[in-house]
Amino acid sequence: MNTFLFTLREGVLNLRRSPMLAVSSVAVMGLSLFVLGIFLLLTVNLRAAIVAVQSQVEVAVFVQDGLRDVELQSLDRFLREHPGVSSVSYLTRDDAMARFRSELSQKEYLLEALEANPLPDTFEVALFDDWKTTERIAEFATQIEGMAGVDEVKWGKDWVGRLNRVIVILVLVDLFLGIVVALSSMVVVANTVKLTLIARREMIELMKMVGATIGVIRRPFVIEGVLQGTVAACLATALLVTLTGFLQDRVPELIELSIPIFAIFVGFGAFLGGLGSVVSLQGFLRKW
């Protein structure tokens, strides 16, 4: 316990001995983490919007003309008993046209040129959320297309696939930014610790002369890096909370980052600070 308290105290004193270096290091790390946080906020909200759109995905099964009752009942039974289907509704061509006219509202005159109803009888199929992926919907559609009496199956294959690709791209962008922020933060902390080491070279040499081990000398600097990373992450978190509050006044639907995400965010900053110190110290002390 005494060793831990000594190490913690020395780490804090290191920050106080070089306040300008510490402030500049924290500021650069904080802004870097803030940029990463903005993209995380953007990702969370875009993903929520995409999931909301995907939740509206339905499969439309168009039935062939003149389908026998037996085949229609068989198709209806298959759809209702399928494990991925949450609900099924059957829409006759007359019902479909009535809905179409209602949706056109003031532009119903566009249908005056129609001599006959071109719309087919249709099963509108809603799926459970865990089935609303490109692969599972495609598998489901393929099963239905091979059944007797089915003319065509529509489910928005193109735009569902695009939405899934957008999610993947967002995750990759966040990962790339995370790597860039991690590297830049480590470089900032490493340079700060290295300058502190140079400034305190005589004291470190004296500590080695009286028998201090590399570990005893190194630990306060690692603590210093961890403290810098933690403060920088807290600064970035405060900026993110302020930005989120500002945006929510204008966009009420905006989803804020959760407390667990913020906790991971702060832990990430502390880890980067400590790692930057370790990188700076690696081999540096052994040269003396």
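The values are calculated or read from the model by the stated rules, or taken from the named source; none is laboratory data. Remember, predicted model here, so these are calculated numbers, not experimental data. Positions of Cβ are backbone-derived with ideal geometry, glycine not excepted, and every protein chain shown enters the neighbour counts.
Looking at 49, 60, which one is out of contact with any Gly (no Cβ under 8 Å at 6 or more places or on another chain), of a type outside the set (Val, Ile, Thr) and either more than 30 Å from residue 245 (Cα to Cα) or touching a residue at least 40 places away in the same chain (Cβ under 8 Å) (or both)? Before the answer, list the steps.
On the way: 49 fails: either more than 30 Å from residue 245 (Cα to Cα) or touching a residue at least 40 places away in the same chain (Cβ under 8 Å) (or both).
Matching residue, one of 49, 60: 60.
Of the numbered conditions (1) modelled with pLDDT under 80; (2) within 30 Å of residue 255 (Cα to Cα); (3) of a type in the set (S, T, N, Q), residue 86 fails exactly one; give the number of that condition. Status for residue 86: all satisfied but (1). As for the stretch 177-195, it holds at least one residue that is in the same structural domain as residue 278 (by TED's automatic domain parsing), at pLDDT below 80, outside any strand (DSSP E or B) and more than 28 Å from residue 264 (Cβ to Cβ). Every listed requirement among (1) modelled with pLDDT under 80; (2) not assigned by TED's automatic domain parsing to the domain that holds residue 243 is met by residue 7 save one, (2).
Kindly indicate whether any position in the stretch 213-223 is at pLDDT 85 or above, under 22 Å from residue 184 (Cβ atoms) and not basic (Lys, Arg).
No; the residues of the stretch 213-223 include none that is at pLDDT 85 or above, under 22 Å from residue 184 (Cβ atoms) and not basic (Lys, Arg).
For the stretch 242-270, the tally of residues that are without any contact (Cβ under 8 Å) to a residue 60 or more places away in the chain, surrounded by 12 or more Cβ atoms within 10 Å (Cβ to Cβ) and more than 20 Å from residue 177 (Cα to Cα) stands at 2.
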